[in-house]
Amino acid sequence: MLRKIDTKNPLPKYYQICDSIKEKITRGEFPAGGRIPTCRELMKYFDTTVVTISSAVRQLEADGYISKVQGKGMFVTIPATAANKAEAAAAAVKKVGIIMPTRGDLYQNLSDTLVHELEQHDTYTVPLSITLLEDNVNLEHKEKLLKKYIADGFDSLVINGTRDFPYKLLHKYRHTFRQLNFIAHCESGIDFPEANIIVFDAAQVGRMAAKYLIESGREKFLLLGIEEPSKQLQTRNGCRGKTFDVLAQEAMQSVLREAGFSKSALTVLRAYRQWDEEKLSAALSGMLARGPSGIFAIGDFHAVPVYRIATMMGLDFKKSLSIVGLYNTSWGEILHPALTSISIQEAEIAKIAADCIINHKTGQRILVEPKLVKRET
């Protein structure tokens, strides 16, 4: 059966219908030369208007998937059977593009490990522009970049899928790549059934942070997260609203509730780039007035202003405050006292991604277990 319209999907209805039919053609369920359902049948099946169906059909024709024969119907023109697909998957992936930062502890560990693993299997790996991950770049320029990567013959893309990545655009061109791999993060609100998604377990991160802070004897809790994506950003990029840090927050709240803490025990503050330190200072003072406090900073660098404020307040970290960060970057060793942090096991993520690329795997969904790295905080 054709995949039905998902009303929560940010893609237009005609595009979802078009994509559903393409999927059937690619899998060989609508074989080359075979007829697809009529417009009337599609209207009834998808419970939509003739305008929407006509738009989908025009797109299928423009993309070369079907052709109309007057008085006879619509027929598949691409011989993309399951056998063809298996044959294509068996071909070696030779050229891999990496779309992620390659500097900084986290991403350097990811990219270095990935490149090292792939080099041993005669795979050409190229770091590509991170412009696709920047929120201040227009979609027209991002589309030009994707078309360039297609023209340059990349077989596979490895993407750190943050909220700013243009998932809608990639979905449009996804069939031109042999393989797609989202690693570390995947904030897509659009389904990529054949992509490999290898990310850390965000819910486990939240549970781990909560348990650690409870065991440290803390009674009030503060989560420093990232500003949630706007509806405009969700519509433009096709990213989801419930990002990884929201999943971590929900898991943290669940652990606190199970441990007997009230809902008010957890305060959540969010910022995108810079913190309002006055607001942060007020939140911290309010918590400390009610008992020993624990802070979960989603991103080790988000712990830095807390250290600054705590030092100005003359706090004793061991008595009054416990902090746990995320990503286990060099901040953990630089800050004083040294920061306890949760590692997302980026080297393990990179090795799994390399295995998927080397062995031509698709459709893998893998959650990597995070690891708590205890230090002085």
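Being in the same structural domain as residue 359 (by TED's automatic domain parsing), at pLDDT below 95 and of a type in the set (Val, Ile, Thr) narrows it down to one residue among 162, 267; which is it?
Exactly one residue qualifies, and that residue is 162.
Looking only at residues in the stretch 337-362 that are in contact (Cβ under 8 Å) with a residue 12 or more places away in the chain, more than 17 Å from residue 109 (Cα to Cα) and not in a helix (DSSP H, G or I), which one is farthest from the chain's Cα centre (by Cα)?
Filtering the stretch 337-362 for residues that are in contact (Cβ under 8 Å) with a residue 12 or more places away in the chain, more than 17 Å from residue 109 (Cα to Cα) and not in a helix (DSSP H, G or I), the one farthest from the chain's Cα centre (by Cα) comes out as 337.
Quick one: would you say residue 24 is under 28 Å from the mean Cα position of the chain (by Cα) and either in the same structural domain as residue 190 (by TED's automatic domain parsing) or loosely packed, with under 14 Cβ neighbours inside 10 Å (or both)? Explain how you work it out, then say what you get.
Details: under 28 Å from the mean Cα position of the chain (by Cα): yes; either in the same structural domain as residue 190 (by TED's automatic domain parsing) or loosely packed, with under 14 Cβ neighbours inside 10 Å (or both): no.
For residue 24, the condition - under 28 Å from the mean Cα position of the chain (by Cα) and either in the same structural domain as residue 190 (by TED's automatic domain parsing) or loosely packed, with under 14 Cβ neighbours inside 10 Å (or both) - is not met.
For the stretch 111-227, list the strands (runs of 3 or more DSSP E) that sit wholly inside it and hold at least 2 residues that are of a type in the set (A, V, I, L, M, F, W, C) and either surrounded by fewer than 19 Cβ atoms within 10 Å (Cβ to Cβ) or touching a residue at least 12 places away in the same chain (Cβ under 8 Å) (or both); which are they? Write out each step before concluding.
Working: elements: 124-127, 156-161, 179-186, 196-200, 220-226.
Ranges flagged: 156-161, 179-186, 196-200, 220-226.
Filter the stretch 228-246 down to the residues that are free of Cβ contacts under 8 Å to residues at least 40 places away in the same chain and outside any loop (DSSP other than H, G, I, E, B), then identify the one that is surrounded by the most Cβ atoms within 10 Å (Cβ to Cβ). Please lay out each step first, then the result.
In the first step, residues of the stretch 228-246 are kept if they are free of Cβ contacts under 8 Å to residues at least 40 places away in the same chain; the result is 230-232, 242, 246.
Now narrow it down to the ones that are outside any loop (DSSP other than H, G, I, E, B): 231-232, 246.
Numbers: 231: 10, 232: 8, 246: 20.
That would be 246.
List, please: which pairs have Cβ atoms under 6 Å, are six or more places apart or on different chains, and start with a residue in the stretch 247-269 that is hydroxyl-bearing (Ser, Thr, Tyr) and end with one that is surrounded by 18 or more Cβ atoms within 10 Å (Cβ to Cβ) and assigned to a strand (DSSP E or B)?
If the second residue must be surrounded by 18 or more Cβ atoms within 10 Å (Cβ to Cβ) and assigned to a strand (DSSP E or B), the pairs left are 267/222.
Could you go through the stretch 305-319 and let me know if any residue there is surrounded by 13 or more Cβ atoms within 10 Å (Cβ to Cβ) and outside any helix (DSSP H, G or I).
Among the residues of the stretch 305-319, at least one is surrounded by 13 or more Cβ atoms within 10 Å (Cβ to Cβ) and outside any helix (DSSP H, G or I), which makes the answer yes.
Give me the pairs, please: first residue somewhere in the stretch 44-65 and without any contact (Cβ under 8 Å) to a residue 40 or more places away in the chain and assigned to a helix (DSSP H, G or I), second residue anywhere and of a type in the set (Gly, Ala, Ser) and surrounded by fewer than 17 Cβ atoms within 10 Å (Cβ to Cβ), beta-carbon distance under 7 Å, and either six or more positions apart or on two chains.
Every condition considered, the pairs that remain are 61/67.
Only one of 255, 324 is part of a helix (DSSP H, G or I), among the β-branched types (Val, Ile, Thr), surrounded by 17 or more Cβ atoms within 10 Å (Cβ to Cβ) and at negative phi. Can you tell me which? Break it down into steps so the answer makes sense when it comes.
Values: 324 fails: part of a helix (DSSP H, G or I).
The unique qualifying residue is 255.
The values are calculated or read from the model by the stated rules, or taken from the named source; none is laboratory data. Small disclaimer: the values here were computed from a predicted structure and weren't measured. Glycine also receives a Cβ, built like all others from the backbone with ideal geometry; neighbour counts cover every protein chain displayed.
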